[in-house]
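The values are calculated or read from the model by the stated rules, or taken from the named source; none is laboratory data. If you're wondering where the values come from, they're calculated on a predicted model, not measured in any experiment. Every residue, glycine among them, receives a Cβ derived from its backbone with ideal geometry; neighbour counts consider all protein chains shown.
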Amino acid sequence: MKIVVCIKQVPDTTEIKIDPVAGTLIRTGVPSIMNPDDKGGLEFALQLKDNYNAQVTVITMGPPQADAVLREAFAMGVDRAILLTDRVFAGADTLATSNALAAALKNIDYDIIITGRQAIDGDTAQVGPQIAEHLGLPQISYVTDLKFDGEKNFTVKKETEDGYQLLSVDAPCLFTVLASANKARYMSVAGIIDAFDKEVEVWSADTFPVDKSKLGLNGSPTRVKKSFTKGTKAAGQMYEVDSEQAVEIIINKLKEKFII
Amino acid sequence: MDFSINKKEELFLQMIRSFAENEVKPLAAEIDDQECFPIETVEKMKKIGLFGIPIPKEYGGQGGTNQMYSMAVEELSRVCATTGVIVSAHTSLGMSPILENGTEEQKQYYLPKMASGEWLGAFGLTEPNAGTDAAMQQTTAVLDGDEWVLNGNKIFITNAGYAHVYVVFAMTDKSLGTKGISAFIVEKDTPGFTFGKKELKMGIRGSATRELIFENCRIPKANLLGKEGKGFAIAMKTLDGGRIGIASQALGIAQGALDETIKYTKERKQFGRALAAFQNTQFQIANLETRVQAARLLVRSASYKKDSGLPYSADAAMCKLFAAETAMEVTTKAVQFHGGYGYTREYPVERMMRDAKITEIYEGTSEVQRMVIAGKLFK
């Protein structure tokens, strides 16, 4: 069983602010982390490695410093790491990103591909499904649980807005996973010590066959019109009352607003 | 000497901080309150390899540096000093003397199980009448055929009861004074080896501190650690290393108390503004931060020397002396900044102040550290 997990280095958005004038993210001084949904996906892959001896490869597209998330992945236990880095990839929207990743993935052996549901810096949830489309793979998004039959079938729990679906799928396929699906393991001390002795394979746009017009800014049809910080809502009202009074207050408020 | 953090250490700190924050901190108040040894945390620490950081891979360790080990004890102690000392006593006092003095057979037999955390380690030197004056050992070991027979008591032993491997010191020839002391490896459950009552302590209350009792305890002849008569030297050298561990613990406690104080003084308002807005607060905290950073550099320097194979005995004494006194000062001031709340168990600083005190006492009191430092100067 061969698994490729697509991961992304993102700014820790719990600590990020938006420049009110320029409307862009202020990234200075903000720590970079492995995208939480991707980490959830990586944990599933590593569990399949623990239980079924799967071979796990991680791939990321980003600037050279994205090497850090690949070292972290090594320290968690992956076997192989690939960094797609090239100026040609820069400025990519989700389509150009998925074009690059899908083209690279065609050069890697896999039974399944796992991505995070979405990255916390863009929140689009588009790249995983787009990769599946480019590669013609069945996909299940919003995955919160995976059961493998040991051969090629997966029983997958997919979260929906009002519940969940249990789906059955055969490899090859692609999953997009939620961070809440599991508790990702810590890096091990030995893993950290070895992580820097391992080789991160660095791939440019010339390493594998790809249509360069579909990459980076040139391959990105998305144009950002405006970025802005949402205005803050007025402070709520706090009541410290028992539950019966609380119900009465809520009912009255809902009636006031003509909701009921 | 360059103590900037390299990439490996950066990744290590990222992991250990996240582990301390998410797995260790939530239990700190409870294990202190209940005086219970954090077995679940020990299990979690085993999984990520925190029990064999500076032990070479050939002996089942992680193959890391003493610097990384020191960072681990610091970061664990920043949120829970009990957890920090469990790792420190195991690594510096339990495993190091075996790594540094053991025969190849002893190292192959004990270290892999210790480095994985399956067997915790402990160290038995202190006796009722042999504290700072460690040469006054009363415990005896007599060779009888193929076995050593141990008799005597060791007190205040960290990890006692939970540890499997005990490095124990005993007189093999009383007429020779310190040159008649030898070191032994004793395993738990050896007949004649029992534990006394658990000590009720002021701080580090989750750590197990008990008496070791030897009554005609027979151990194989092969369990002599190092040469006969070299026990005192082994003990002193082991304590040099242990002091870096305790200095790291003290540093962690100081940093933890400082973190809490900065957070609190930003939130707490008196006379219409946050405590942090008062210059008295800012100046005092600036002083504390400076002391903590100075302590950290002493700890890093001593670890660097140990990693580099340079003499570090006085450096270990200095970092332990300074870090322990820093921990006491920072935690005492942290309680003062918290006022009445700081004196209650609603805030962690009172626990940190109780925990800090032991760092001025164990593995050599501050007075012993001054003796070691002065001893180097007045040789």
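Tabulated values for the structure
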{"quantity": "Any helices (runs of 4 or more DSSP H) falling wholly within segment A:1-119 and containing at least 3 residues that are of a type outside the set (D, E, K, R) and more than 27 Å from A:LYS147 (Cα to Cα)", "calculated": "A:94-105"}
{"quantity": "Residue tally, condition at the interface with chain A (Cβ under 8 Å from one of its Cβ atoms), crowded, with 17+ Cβ neighbours inside 10 Å and not in a loop (DSSP other than H, G, I, E, B), over segment B:17-56", "calculated": "2"}
{"quantity": "Residues (at pLDDT below 95 and among the acidic types (Asp, Glu)) located in segment A:150-175", "calculated": "A:GLU151, A:GLU161, A:ASP162"}
{"quantity": "B:GLN14 free of Cβ contacts under 8 Å to residues at least 60 places away in the same chain, facing another protein chain (nearest Cβ under 9 Å) and part of a loop (DSSP other than H, G, I, E, B)", "calculated": "no"}
{"quantity": "Test result for B:VAL87, within 29 Å of B:ILE219 (Cβ to Cβ), within 18 Å of the chain's Cα centre (by Cα) and either part of a helix (DSSP H, G or I) or more than 13 Å from every other protein chain (Cβ to nearest Cβ) (or both)", "calculated": "yes"}
{"quantity": "Residue among A:PRO209, A:PRO138, A:PRO129 that is farther than 30 Å from B:GLU9 by Cβ and in contact with a Cys (Cβ under 6 Å, 6 or more places away or on another chain)", "calculated": "A:PRO138"}
{"quantity": "When residues of segment B:91-123 are limited to those that are assigned to a helix (DSSP H, G or I) and within 14 Å of chain A (Cβ to nearest Cβ), the one nearest to B:LYS44 (Cα to Cα)", "calculated": "B:ALA115"}
{"quantity": "Members of segment B:326-339 that are within 22 Å of B:VAL73 (Cβ to Cβ) and in contact with a Lys or Arg (Cβ under 9 Å, 6 or more places away or on another chain)", "calculated": "B:THR326, B:ALA327, B:MET328, B:GLU329, B:VAL330, B:THR331"}
{"quantity": "Which listed residue is buried (at least 24 other Cβ atoms within 10 Å of the Cβ), in a helix (DSSP H, G or I), hydroxyl-bearing (Ser, Thr, Tyr) and within 14 Å of another protein chain (Cβ to nearest Cβ), from B:SER77, B:SER70", "calculated": "B:SER70"}
{"quantity": "Scope segment B:307-327; condition touching a residue at least 12 places away in the same chain (Cβ under 8 Å) and surrounded by fewer than 24 Cβ atoms within 10 Å (Cβ to Cβ); matching residues", "calculated": "B:ASP307, B:TYR312, B:SER313, B:ALA314, B:MET318, B:PHE322, B:GLU325"}
{"quantity": "Segment A:184-198, subset more than 23 Å from the chain's Cα centre (by Cα) and part of a loop (DSSP other than H, G, I, E, B), residue farthest from the other protein chains (Cβ to nearest Cβ)", "calculated": "A:LYS198"}
{"quantity": "Odd one out for A:VAL247, checked against (1) part of a strand (DSSP E or B); (2) farther than 18 Å from A:VAL5 by Cα", "calculated": "(1)"}
{"quantity": "Selection from segment A:42-56 of residues that are in contact with a Lys or Arg (Cβ under 7 Å, 6 or more places away or on another chain) and touching a residue at least 60 places away in the same chain (Cβ under 8 Å)", "calculated": "A:GLU43, A:LEU46"}
{"quantity": "Options A:GLU133, A:GLU151: the member that is of a type in the set (D, E, K, R), under 30 Å from B:LYS47 (Cα atoms) and surrounded by fewer than 17 Cβ atoms within 10 Å (Cβ to Cβ)", "calculated": "A:GLU151"}
{"quantity": "Residue among B:GLY145, B:GLY177 that is surrounded by fewer than 21 Cβ atoms within 10 Å (Cβ to Cβ), at pLDDT 95 or above and out of contact with any strand residue (DSSP E or B) (no Cβ under 7 Å at 6 or more places or on another chain)", "calculated": "B:GLY145"}
{"quantity": "Unique match (being within 30 Å of A:ASP79 (Cα to Cα) and of a type in the set (Gly, Ala, Ser)) among A:ALA205, A:ALA246", "calculated": "A:ALA205"}
{"quantity": "Some residue of segment A:124-137 being of a type outside the set (A, V, I, L, M, F, W, C), within 14 Å of another protein chain (Cβ to nearest Cβ) and under 23 Å from A:LEU70 (Cα atoms)", "calculated": "no"}
